[in-house]
Amino acid sequence: MNHSKQIQKVIFAGAGPGDPELITLKTVRHLRNADMIITDRLVSEIILDSYANPGALILHAGKQRKREGSTPQHIINELLVEYALQGKKVLRLKGGDVSIFSNLLDELQALNKYNIPYEIIPGITAACGAAAYAGIPLTARNHAQAVRFLTLHKNEIIRPSYWKELAQTEDTLVFYMSGATTSDLVKQLLDHSINPGTSIAVVEQATTPCQKVFCSRIDQYEQEFGNRNYTSPTLIIIGKVASLHQEFKWLPQNESGRDLYFKPVTKNKEEEVRA
Ligand code: SAH
């Protein structure tokens with residue numbers, strides 16, 4: 001390994017939630033410049049095809065729990081460090097925003113250990129993308145005073161006292177990574193006495209041509225959608241504001257028959273070598 005080259009800043013950038021036009025000009029500039037791009041499963045292929053430097057090495061470091069093709073975090077950290085020390089311009093591209101439910105901290109710590117400089121560029125997080133494309137103003141006046149980003153990815157994180165707090169709050173609740181646990185989530189909130197008339201909107205593949213929104217009262221959710229297996233990625237919006245979808249939706253529901261916008265994770269040669 002040649003470490004004598006000038007070390008470049010590693011760029012961490014959010015690619016937005018799906019629609020390839022929801023990316024910043026700054027991130028596009030860095031995509032055109034990068035020697036090496038480590039990307040996520042939730043980054044639109046169109047973004048890479050349209051903007052990535054054609055000479056760049058692109059590694060797909062998708063993280064999808066329990067599915068084949070997930071890249072362990074320590075390998076992503078090692079790749080960032082290794083290529084940066086080789087003097088390569090490394091771009092770490094993540095779906096949505098880089099700091100929301102991502103392992104940004106882990107990756108920053110890995111770089112700090114080697115004194116590798118970096119820059120962080122924000123992106124549009126899935127909650128903002130889904131809210132906009134589903135016509136749900138997240139903190140609409142007289143509906144909610146705040147919005148909370150949460151996850152029910154690991155059940156044990158939420159204590160009974162916190163469930164109670166979530167069930168009683170007027171804040172809008174947005175759950176990431178919870179498509180597979182939506183029924184549990186609804187049950188917990190009902191068990192902790194959430195107002196049964198509260199609305200829930202499940203937004204599948206938000207901001208893409210495959211977007212679908214499933215909306216109901218929370219007490220009718222199980223009956224209407226309890227049996228559905230949502231297509232990943234899925235975001236759940238709970239609160240008074242979710243009912244605004246019916247009146248303010250503007251994007252036609254996907255009835256095209258096309259069902260999958262994001263490709264499932266596949267392994268790279270680089271990962272196989274290191275596995
Ligand atoms: N950093 C990302 C979130 C990564 S966690 C961001 O800021 O958006 C991955 C979770 O984000 C998914 O399980 C899903 O809950 C949500 N998500 C990401 N893109 C989405 C999309 N296009 N539609 C719906 N949910 C999405």
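Remarks
- Some residue of region 53-65 being open to solvent by less than 40 Å² (accessible area, probe 1.4 Å), part of a strand (DSSP E or B), at negative phi and of a type in the set (A, V, I, L, M): yes
- Test: residue in region 79-86 that is at pLDDT 95 or above and either in contact with a Cys (Cβ under 6 Å, 6 or more places away or on another chain) or not in a helix (DSSP H, G or I) (or both): yes
- So residue 138, is it under 25 Å from residue 211 (Cβ atoms) and assigned to a loop (DSSP other than H, G, I, E, B): yes
- Candidates are the residues of region 123-177 that are in contact with a Lys or Arg (Cβ under 9 Å, 6 or more places away or on another chain) and open to solvent by 50 Å² or more (accessible area, probe 1.4 Å); the one that is nearest to the ligand (Cβ to nearest atom) is 177.
- Candidate set from region 262-275 (those that are under 18 Å from the mean Cα position of the chain (by Cα) and open to solvent by less than 70 Å² (accessible area, probe 1.4 Å)); member that is modelled with the lowest pLDDT: 265
- Residue among 58, 75, 37, 46 that alone is outside the structural domain of residue 152 (by TED's automatic domain parsing) and within 16 Å of the ligand (Cβ to nearest atom): 46
- Only listed residue being open to solvent by 30 Å² or more (accessible area, probe 1.4 Å) and either at negative phi or modelled with pLDDT of 95 or more (or both), chosen from 45, 107: 45
Residue-by-condition table, conditions (1) modelled with pLDDT of 95 or more; (2) surrounded by 18 or more Cβ atoms within 10 Å (Cβ to Cβ); (3) in the same structural domain as residue 72 (by TED's automatic domain parsing):
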position: 203; (1), (2), (3): yes, yes, no
position: 213; (1), (2), (3): yes, yes, no
position: 216; (1), (2), (3): yes, yes, no
position: 220; (1), (2), (3): yes, no, no
position: 225; (1), (2), (3): yes, no, no
position: 244; (1), (2), (3): yes, yes, no
position: 260; (1), (2), (3): no, no, no
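The values are calculated or read from the model by the stated rules, or taken from the named source; none is laboratory data. Everything numeric in this text was worked out from a predicted model, so none of it was measured. Cβ: placed from backbone, ideal geometry, glycine included. Neighbour counts: every protein chain shown. All accessible areas refer to the heavy atoms of the entire protein, side chains included, with ligands and DNA or RNA removed. Shrake-Rupley method; radii C 1.70, N 1.55, O 1.52, S 1.80 Å.
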